[in-house]
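For reference, the structure discussed in these notes is given below.
The values are calculated or read from the model by the stated rules, or taken from the named source; none is laboratory data. This one's a predicted model, so the numbers in the text were calculated from it and none came from an experiment. Cβ coordinates were reconstructed from backbone atoms using ideal geometry, including for glycine residues, and neighbour counts include every protein chain displayed. To get the accessible areas, we keep the full protein, side chains included, count just its heavy atoms, and leave off ligands, DNA and RNA. Shrake-Rupley method; radii C 1.70, N 1.55, O 1.52, S 1.80 Å.
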Amino acid sequence: MSKTVIFAFGSMALYAGWAFLAKVATKSLPAEQAVIYTYVAGLTAAASYLLWRGGPVVVSTRGIGFALAGGLFLGLGTISYYLALSQGSAAVATSISGMYLLGTTLLAVVFLEEFSGRSKSRVSRWRSAR
């Protein structure tokens, strides 16, 4: 099994725990505050991993810009998700918000030309023939 698949399954399990605990948290905290506590824990985990790994800190203006823009989307999306959880069913909120995967897949295929398997060669041949 590839490292990609192993890490993907790990993230799936961790996201499931996060979504469940987010619902539990919003039962006793305002959604906006629960998001802040979640991000403090997430930043702590990410910084700890970076320190544990011991690699160099890469500074790239373009990369940092994309990361900050992504963080803005993530922050606003997380607030929206927590508000949905605080208003109703975790099953409904998670099922609908989880469709972001489809949007990401479409964006990656269209703008990053990411394909899997033989599809890539077919599309590449089709594009080069045009």
### Query
Mind checking which of Phe66, Phe20, Phe115 has the largest fluctuation in a GNM of the chain, springs on alpha carbons under 10 Å?
Phe115
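Could you please state how large a percent of the accessible area of the chain is carbon and sulfur, counting protein chains only and using a 1.4 Å probe?
Its accessible area is 71 percent carbon and sulfur atoms.
Could you give the accessible area per residue of the chain, probe 1.4 Å, as a whole number in Å²? Spell out each step's value before the answer.
Values: 10510 Å² over 130 residues.
With the other protein chains kept in place, the chain gives 81 Å² per residue.
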### Task
Report the residue, chosen from Ala84, Ala16, Ala67, that carries the largest GNM mean-square fluctuation when the chain is represented by alpha-carbon nodes joined by springs under 10 Å.
Ala67
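Provide Rg over Rh for the chain; use the alpha carbon set for both Rg and the Kirkwood Rh (inverse mean inverse pair distance).
Working: Rg = 18.3 Å, Rh = 17.6 Å.
A ratio of 1.04.
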### Task
Would you kindly state how much longer the chain becomes between Lys27 and Met1 on full extension, computed as 0.36 nm times their sequence separation minus their alpha carbon distance, in nm to one decimal?
5.5 nm
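For Tyr82, what charge total do you get from the other residues with a beta carbon under 12 Å from its beta carbon, if Lys and Arg give +1 and Asp and Glu give -1?
Values: positive: Lys23, Lys27; negative: Glu32.
Once all neighbours under 12 Å are counted, the net charge is +1.
Could you calculate the contour length gain from Phe115 to Ser80, that is, 0.36 nm times the residue separation minus the distance between their Cα atoms, to one decimal place in nm? Mind dumping the intermediate values first?
Details: separation 35, 0.36 × 35 = 12.60 nm, distance 3.02 nm.
Result for the pair: 9.6 nm of gain on full extension.
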### Summary
Note to self, the chain gives a 222 nm [θ] from helices alone (DSSP H runs n ≥ 4, -39500 (n - 2.57) apiece, / all residues, nearest 500) of -27000 deg cm²/dmol
### Summary
Contour minus Cα-Cα span, Ala46 to Ser11, at 0.36 nm per residue, comes to 11.2 nm
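For segment 1-64, compute Rg over Rh where Rg is the Cα radius of gyration and Rh is the Kirkwood radius from the inverse mean 1/r over Cα pairs. Provide the component values of the computation, followed by the final result.
Numbers: Rg = 15.3 Å, Rh = 14.3 Å.
That ratio equals 1.08.
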